[in-house]
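Student: My questions will all concern the structure given below.
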Amino acid sequence: MVDFADNPEQAAFRSHVKEFIASRLPPELKLKPDEVRGFDEEDPEEKKEALGRWRAALTENGWIAPMWPKEIGGANLSKQEQFIVNEEFAAAGAPRLTVHTVGSTIMVHGSEEQKREFLAPMVRGETRWCQGYSEPGSGSDLASLQTRAVRDGDDFVINGQKIWTSGAHLANMMFMLVRTDPDAPKHRGITYLLLSMETPGISVRPLKQMSEASGFNEVFFEDVRVPVRNAVGEINRGWYVGATHLDFERSGIGQSVGQIQTLDALKGFIGDPAEQQRGRSKVAEKPVLRHELADRYTEAEVAYCFSRRVISMEAAGQIPNYESSMAKMFNTEFSQRMARTATKTLGLYGGLFSETDDGYTPMKRRWSRMYLSTVSATIAGGTSEIQRNVIATRGLGLPRG
């Protein structure tokens with residue numbers, strides 16, 4: 001059952017979150033309608049001081065890691081309360097500044113020593129993580145990965161390559177899957193490791209995308225030594241640790257709020273009489289686009305329902321699996337449809353690419369950048385094809401082909 005309503009305690013907490021944002025969020029950090037920030041971008045210098053104040057305010061409440069225990073910097077919130085925090089922050093355009101989902105994986109599978117070593121620096125903002133999963137020959141079939149980690153005393157020695165590593169050029173830590181037993185079946189013999197990006201033998205090469213972003217990277221490993229104690233969970237059983245991480249990653253909690261805001265920004269732009277007079281909106285010329293925009297709003301509500309379903313399951317102590325795949329697949333495919341609608345409503349103006357609004361690039365380059373960047377959305381984090389397989393086998397009980 002999906003629970004949409006707040007109980008009295010949750011309603012009071014929601015009011016508290018709204019009041020906190022209104023009183024503590026530095027105005028210069030509020031995301032504006034024409035602003036888009038990617039994971040490939042460093043924090044702007046002029047905003048770093050404000051971000052420091054905002055982080056301090058969040059730390060006071062334990063909202064950097066809301067569900068973690070208070071003794072390690074969390075707030076011990078419930079799943080539903082964390083959802084409320086995410087939802088209200090998204091609605092207010094406030095930076096979230098959360099810990100990476102690798103922290104939740106360490107909480108589930110990590111040793112007490114690993115929790116002491118890695119969790120507190122995440123809360124303090126001292127570590128920035130990237131994910132070493134995909135390889136040139138192992139994407140959707142991740143279990144075929146070939147990056148080797150050979151044990152040498154108290155260390156693993158790693159050789160190989162990862163690709164499409166989001167944010168590796170800015171990260172100082174990585175969690176990765178490596179093959180530690182080449183003779184085992186491919187889903188066995190894999191280990192989940194944590195390592196510093198400053199370890200000798202690691203080199204990073206950014207990949208320039210057609211959207212001009214460079215958030216993806218190639219990462220090369222040449223005789224990189226990582227302590228065996230940095231293996232999370234059992235050695236050679238890391239595939240199952242990695243699967244836990246993907247369940248956290250695919251939940252999509254709070255994402256739908258941002259999608260509705262994106263649609264509101266587009267609706268406000270095309271409904272502006274001045275913009276209609278300038279001829280930068282094609283809705284008046286093509287009424288069918290009104291229906292298409294209405295479809296996108298309907299789909300945004302469906303995406304919200306998927307998020308609510310996931311959080312309702314978690315709040316009830318259940319583990320969403322194929323439900324997370326449904327949310328991930330729908331959200332990423334919806335983001336592509338939303339980008340296509342936006343560019344169509346702007347006509348030729350929607351295809352121009354510039355950082356400034358000079359009369360020919362509406363809202364700077366938000367919509368053209370979104371159009372190009374969402375091409376990879378149905379690939380990253382597990383392709384739509386993989387998600388459909390999960391939904392078919394685990395959700396519908398269909399036989400494997």
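Student: Which one of S15, G74, V85 is farthest out on the positive end of the charge dipole of the range 8-98, using unit charges on Cβ (Lys, Arg +1; Asp, Glu -1) and the Cα centre as origin?
Tutor: So the residue furthest toward the plus end is S15.
Student: Filter the cross-link list K30/K162; K47/K286; K79/K208; K18/K267; K208/K344 down to pairs whose alpha-carbon distance in this structure exceeds 31 Å.
Tutor: Working: K30/K162 35 Å; K47/K286 41 Å; K79/K208 37 Å; K18/K267 25 Å; K208/K344 26 Å.
Checking Cα-Cα distances, K30/K162; K47/K286; K79/K208 exceed 31 Å.
Student: Just name one of I260, A380, G132: the one whose Cα is farthest towards the positive end of the charge dipole of the chain (beta-carbon charges, Lys/Arg +1, Asp/Glu -1).
Tutor: Working it through, the farthest residue towards the positive pole turns out to be I260.
Student: By how many degrees, 0 to 90 and rounded to 10, does the Cα axis of helix 238-249 deviate from the longest principal axis of the chain?
Tutor: 20
Student: Also, quick follow-up: How large is the charge dipole for the range 129-216, taken about the Cα centre, if only the Cβ atoms of Lys, Arg (+1) and Asp, Glu (-1) carry charge, to the nearest 20 debye?
Tutor: Numbers: 8 positive and 9 negative charges, 42 e Å.
Roughly 200 debye for the range 129-216.
Student: Also, I was wondering about something else. Going by alpha carbons, how many degrees (0 to 90, nearest 10) lie between the helix axis of 8-24 and the longest principal axis of the chain?
Tutor: That helix lies at roughly 80 degrees to the long axis.
Student: Further question on the same structure: Quick one: dipole size for the chain, taken about the Cα centre, charges +1 on Lys/Arg Cβ and -1 on Asp/Glu Cβ, in debye to the nearest 20. Intermediate results must be reported in sequence, preceding the final value.
Tutor: Values: 49 positive and 53 negative charges, 171 e Å.
About 820 debye.
Student: So, one more: With everything on Cα atoms, drop me the angle between helix 322-346 and the longest principal axis of the chain, reported from 0 to 90° to the nearest 10.
Tutor: Once rounded, one gets 40 degrees.
Student: Stokes-Einstein at 20 °C, 1.002 mPa s, Kirkwood radius from Cα pairs: D for the chain in µm² s⁻¹?
Tutor: It comes out at roughly 94 µm²/s.
Student: How big is D for the range 132-269, in µm² s⁻¹ as a whole number, if Stokes-Einstein is applied with the Kirkwood radius of its Cα pairs at 20 °C and 1.002 mPa s?
Tutor: Rounded to a whole number, D works out at 131 µm²/s.
Student: When the expected Rg is taken as 2.2 N^0.38 Å, what fraction or multiple of it is the alpha-carbon Rg of the range 1-152?
Tutor: 1.23
Student: Compute the whole-percent fraction of alpha carbon pairs in the range 8-98 spaced more than 21 Å apart.
Tutor: Every Cα pair in the range 8-98 considered, those over 21 Å come to 32 percent.
Student: Mind ranking 327-340, 2-15, 84-97 by how tightly packed they are, going by the mean number of other C-beta atoms within 10 angstrom, highest first?
Tutor: Highest-to-lowest ranking by the protection proxy: 327-340, 84-97, 2-15.
Student: Report the trypsin sites (Lys or Arg not before Pro) located in the range 155-254 that are in a DSSP loop and have at most 12 other Cβ atoms inside 10 Å of their Cβ, or state none. Please report the intermediate quantities before stating the final value.
Tutor: Working: sites: K162, R179, K186, R188, K208, R225, R229, R237, R250; in loops: K186, R188, K208, R250.
Here the sparse-neighbourhood loop sites are K208.
Computed from the coordinates by the stated procedures, all read-outs in this text should not be read as laboratory data. Computed from a predicted model, the values in this text were never measured in an experiment. Here Cβ is always computed from backbone atoms with ideal geometry, including for glycine, and neighbour counts include all displayed protein chains.
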